[in-house]
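Heads up: the structure comes next, in structure tokens.
The values are calculated or read from the model by the stated rules, or taken from the named source; none is laboratory data. Computed from a predicted model, the values in this text were never measured in an experiment. Here Cβ is always computed from backbone atoms with ideal geometry, including for glycine, and neighbour counts include all displayed protein chains. Please note that ligands, DNA and RNA were not included when accessible areas were found on the heavy atoms of the full protein model with its side chains. Shrake-Rupley method; radii C 1.70, N 1.55, O 1.52, S 1.80 Å.
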Amino acid sequence: MKAVQRAVASSSTPNRQLRLSSGHISHRARISSVASAHTRPPQQKPRGKAFNSSLAIDSGLHPNPAEQNFLASRSTNRNPSNHDPNQDSLNNEILTPLTQYQKLIDSGALRGDEHQTRIIQKLQDLHDKLVDYSPPEIPDEASSNSLLSRIFHRESGIPTSPPESAPKGLYLYGDVGTGKTMLMDLFYQTLPPNVKRKRRVHFHAFMIDVHKRVHNAKITMGFRGGDPIAPVARDLAREASVLCFDEFQVTDIADAMILRRLLESLVNYGVICVMTSNRHPDDLYKNGIQRSSFVPAIELLKTRFEVTDLDSGTDYRRVPRALSHVYYSPLTPENNREVEKIFQSLASENPDDPPIPNRKLNTWGRTILVPESTSKVAKFDFHDLCGQPLSAADYIEVTKNFGTIFVLNIPKMGMQEKDLARRFITFIDACYESKTKLFVTSEVPVFQVFSDEANADKKGHVSDHMRSVMDDLGLNSEMVGSSSIFTGEEEIFAFARACSRLVQMGSKEWAETAGQQ
């Protein structure tokens with residue numbers, strides 16, 4: 001869900017109105033009683049199970065993304081002739097995670113879920129604390145280059161502990177498909193009006209931004225040297241007093257070393273963080289290089305955050321979904337012609353935006369050539385996209401520019417193509433996070449491009465860990481096959497998650513709502 005603007009109460013009484021809202025729910029009332037302040041349907045909808053954020057719509061009732069439309073409607077300007085100030089006041093008063101969650105249930109966009117309700121209550125509790133929270137002022141960087149000035153600034157300007165008034169952040173973990181992202185977005189979109197500085201970002205994109213900032217800080221410090229994390233943390237704290245991370249994970253030593261210092265500094269500056277993750281803090285960076293250096297960051301998460309799991313009784317990834325025809329296999333002339341017709345149809349929608357060859361995208365000082373594209377639709381051969389050393393930042397740039405992407409001639413990948421497989425997984429993750437519509441042609445069904453059962457049989461059997469991860473993600477060997485080319489725990493998880501996402505991105509729901517930039 002995208003962040004939305006909302007009307008706020010008059011400047012003289014915003015906190016008073018939020019306190020009235022807080023008073024409605026501070027005694028941990030049930031959602032139904034909180035939502036009774038506004039009109040409800042004659043018959044309350046059953047409290048069944050909720051869907052994952054990307055599958056949050058009961059397609060039998062709402063073929064369009066009702067949840068998204070409902071939230072988007074709050075940013076729509078009202079017709080002055082129909083404007084009701086009293087209704088504005090009511091909307092401002094009940095703009096909280098609890099009441100918005102109930103409204104989504106009443107509108108049919110969600111089905112109530114007792115496990116998600118427990119998390120919503122925790123988000124509501126944090127919301128109430130933020131109403132009265134005033135983050136500390138973040139000092140400017142010392143302007144003088146003198147040694148005395150820098151020493152004085154370091155001693156007096158950098159906090160060594162969190163503000164006493166700062167509430168704990170939230171670390172929400174659970175399996176893929178349990179609705180973590182939807183709940184965090186609901187919290188972000190209903191933050192109190194007094195929270196003026198806020199940021200919601202996918203963790204992968206956040207770390208790319210952090211690495212850029214650290215690099216620039218080192219250049220600025222020059223020969224004098226110094227700690228590049230300190231100015232980066234200070235700038236981030238100045239930009240956002242509430243920071244929401246989606247899919248927090250640690251997969252390499254560079255991120256682990258930065259995060260250890262960065263998280264501590266952000267917390268000490270009074271930044272309140274809400275994170276979602278697939279893993280408990282104790283399982284982060286498991287078996288990573290020099291993991292002992294990251295342990296203090298894990299302890300910080302466990303002491304300065306409320307760590308809670310979303311243990312839902314329903315696996316939403318196993319809810320049957322109709323597949324849309326966006327994946328074509330095997331690589332035959334007939335399939336190639338069909339996909340080319342789809343590309344030409346989409347690319348010709350705007351006569352003023354015809355397809356052009358070799359469009360240039362610039363990222364990290366490099367140029368990526370897009371073989372054929374309009375401003376919204378791009379077409380790549382697999383080896384153009386994954387046969388060269390592109391990074392996550394490159395793939396994020398591609399998916400940021402194009403809402404619909406065609407990838408042709410995807411081969412079946414084995415041990416000899418491990419680098420290609422890793423890049424393709426990174427690309428799939430970027431497409432998923434950017435809500436990109438994907439069309440592919442592949443040698444085998446795209447869910448099975450990492451499968452190498454023959455090699456797995458030669459080695460005896462697929463590991464127990466591989467089977468466990470695939471089961472956790474709602475996968476089975478009949479659907480995606482199995483792979484022995486991925487061995488490390490993080491590799492196996494990334495492989496299985498990519499297969500799960502490919503299945504979801506091939507669904508009818510995804511095809512109907514993705515690609516809208």
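Just one of the numbered conditions (1) touching a residue at least 24 places away in the same chain (Cβ under 8 Å); (2) farther than 20 Å from S134 by Cβ is not true of P228: (1).
Every listed requirement among (1) open to solvent by less than 10 Å² (accessible area, probe 1.4 Å); (2) in a strand (DSSP E or B) is met by A421 save one, (2). Tell me yes or no: at least one residue of the stretch 210-219 is within 22 Å of the chain's Cα centre (by Cα), over 23 Å from V307 (Cα atoms) and open to solvent by less than 20 Å² (accessible area, probe 1.4 Å). Yes: one or more hits. Scan the stretch 274-293 for residues that are part of a loop (DSSP other than H, G, I, E, B), crowded, with 20+ Cβ neighbours inside 10 Å and among the hydrophobic types (A, V, I, L, M, F, W, C) and the total you get is 1.
Condition check: at pLDDT 90 or above, surrounded by fewer than 19 Cβ atoms within 10 Å (Cβ to Cβ) and assigned to a loop (DSSP other than H, G, I, E, B). Does L300 satisfy that? Criteria not met by L300. Return the residues of the stretch 91-145 that are at pLDDT 85 or above, hydrophobic (A, V, I, L, M, F, W, C) and within 30 Å of I158 (Cβ to Cβ); say none if nothing qualifies. Across the stretch 91-145, the qualifying residues are L126, L130, V131, I138. Scanning the stretch 235-258 for residues that are surrounded by 18 or more Cβ atoms within 10 Å (Cβ to Cβ) and among the hydroxyl-bearing types (S, T, Y) returns a single hit, S241. Scanning the stretch 445-461 for residues that are at pLDDT 85 or above and open to solvent by less than 30 Å² (accessible area, probe 1.4 Å) returns V446, V449. Can you name the number of the only condition in (1) of a type in the set (A, V, I, L, M, F, W, C); (2) within 21 Å of Q121 (Cα to Cα); (3) modelled with pLDDT of 90 or more that M182 fails? Among (1) of a type in the set (A, V, I, L, M, F, W, C); (2) within 21 Å of Q121 (Cα to Cα); (3) modelled with pLDDT of 90 or more, M182 violates only (3). Contact map, the stretch 129-140: residues that are in contact (Cβ under 8 Å) with a residue 12 or more places away in the chain paired with residues that are open to solvent by 40 Å² or more (accessible area, probe 1.4 Å) and of a type in the set (S, T, Y), Cβ distance under 7 Å, separation 6+ or inter-chain. Pairs shown: Y133/S165.
To keep it simple, each residue is scored yes or no on (1) under 26 Å from S292 (Cβ atoms); (2) modelled with pLDDT of 90 or more.
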| residue | (1), (2) |
| --- | --- |
| F206 | yes, yes |
| K212 | no, yes |
| T220 | no, no |
| R224 | no, no |
| V232 | yes, yes |
| S241 | no, yes |
| C244 | no, yes |
| D252 | yes, no |
| L259 | yes, yes |
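Of the helices (runs of 4 or more DSSP H) lying entirely inside the stretch 160-250, those containing at least 1 residues that are touching a strand residue (DSSP E or B) at 6+ places or on another chain (Cβ under 6 Å) are 180-189, 203-221. A single member of A237, A233, A256 is touching a Ser or Thr at 6+ places or on another chain (Cβ under 6 Å) and within 30 Å of G365 (Cβ to Cβ), and it is A233. Residue pairs whose Cβ atoms lie under 7 Å apart, separated by 6 or more positions or on different chains, with the first residue in the stretch 112-125 and farther than 13 Å from F187 by Cα and the second open to solvent by less than 10 Å² (accessible area, probe 1.4 Å), are G112/A50; G112/I105; D113/A50; H115/L310.
Within the stretch 213-236, the set of residues being in contact with a helix residue (DSSP H, G or I) (Cβ under 6 Å, 6 or more places away or on another chain) and of a type in the set (A, V, I, L, M) comprises V214, A217, I229, V232, A233.
Residue by residue, here is whether (1) surrounded by fewer than 19 Cβ atoms within 10 Å (Cβ to Cβ); (2) outside the structural domain of A498 (by the TED database); (3) touching a Pro at 6+ places or on another chain (Cβ under 8 Å); (4) in a strand (DSSP E or B) holds:
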| site | (1), (2), (3), (4) |
| --- | --- |
| E338 | yes, no, no, no |
| P354 | yes, no, no, no |
| L361 | yes, no, no, yes |
| L369 | yes, no, no, yes |
| L390 | no, no, no, no |
| K400 | yes, no, no, no |
| L408 | no, no, no, yes |
| F427 | no, no, no, no |
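Taking the conditions exactly as written (among the acidic types (D, E), closer than 25 Å to M413 by Cβ, at pLDDT below 95 and outside any strand (DSSP E or B)), does E349 satisfy them or not? So E349 fails the test.
When D384, D394 are screened for being on the phi < 0 side of the Ramachandran plot, in a helix (DSSP H, G or I), open to solvent by 60 Å² or more (accessible area, probe 1.4 Å) and out of contact with any His (no Cβ under 9 Å at 6 or more places or on another chain), only D384 passes.
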